[in-house]
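Participant: Okay, handing you the structure first.
The values are calculated or read from the model by the stated rules, or taken from the named source; none is laboratory data. All values reported here derive from a predicted model rather than from experimental measurement. A quick note on method: Cβ atoms are made from the backbone with ideal geometry, for glycine too, and the neighbour counts reach across all protein chains shown. Please note that ligands, DNA and RNA were not included when accessible areas were found on the heavy atoms of the full protein model with its side chains. Shrake-Rupley method; radii C 1.70, N 1.55, O 1.52, S 1.80 Å.
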Amino acid sequence: QVRVVESGGGLVQAGGSLRLSCSASGIRYSINARGWYRQAPGKQRELVAEFSSAGSTNYADSVKGRFTISRDNAKNTVSLEMNSLKPEDTAVYYCYIIQRGITYWGQGTQVTVSS
């Protein structure tokens, strides 16, 4: 059974930094894609950053230059380094991985940026 768990959220002042980590267990096949989405109150879930199945690294325009996604294939992890945080980055951040065409989501971790 695949399990995806995020960690590293919290409260930070504007301009600060946070690092989110995500670990997947129960992985039996290659991970085709992995990344991060976020959902702010009253808004739709949106892509933040990903390593896509096509082999590209993608970022939302709103986080380019501030956020960096990284991964460890051997450990089945994906991380998100977030710098120069803004109040509009406040959201629940969700990690996902895709294995054999199935998407697995974590439970989400809250990131709150105060002004």
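Participant: Just give me the residues in segment 17-35 being of a type in the set (G, A, S) and open to solvent by less than 20 Å² (accessible area, probe 1.4 Å), in sequence order.
Facilitator: Answer for segment 17-35, where residues must be of a type in the set (G, A, S) and open to solvent by less than 20 Å² (accessible area, probe 1.4 Å): A24, A33, G35.
Participant: List pairs: first residue in segment 90-115 and at positive phi, second residue among the hydroxyl-bearing types (S, T, Y) anywhere in the structure, Cβ distance under 6 angstrom, at least six positions apart or on different chains.
Facilitator: Short answer, once both residue conditions are applied: R100/Y29; G108/Y94.
Participant: Condition (residue is part of a strand (DSSP E or B), at pLDDT below 95, farther than 19 Å from S7 by Cα and among the β-branched types (V, I, T)) applied to segment 20-31: is it met by at least one residue?
Facilitator: Keep residues of segment 20-31 that are part of a strand (DSSP E or B), which gives 20-25, 31.
Remaining after also requiring at pLDDT below 95: 31.
Filter once more, so that each one left must be farther than 19 Å from S7 by Cα: 31.
Next, from what is left, pick out any that are among the β-branched types (V, I, T): 31.
Yes, because at least one residue in segment 20-31 is part of a strand (DSSP E or B), at pLDDT below 95, farther than 19 Å from S7 by Cα and among the β-branched types (V, I, T).
Participant: Still on this model: Here are R38, R71: which of them is charged (D, E, K, R), in contact with a helix residue (DSSP H, G or I) (Cβ under 9 Å, 6 or more places away or on another chain), surrounded by 14 or more Cβ atoms within 10 Å (Cβ to Cβ) and touching a residue at least 24 places away in the same chain (Cβ under 8 Å)?
Facilitator: The conditions single out R38.
Participant: Would you pick out the residues in segment 84-115 that are within 14 Å of A14 (Cα to Cα), assigned to a loop (DSSP other than H, G, I, E, B) and out of contact with any strand residue (DSSP E or B) (no Cβ under 7 Å at 6 or more places or on another chain)?
Facilitator: S84, S115
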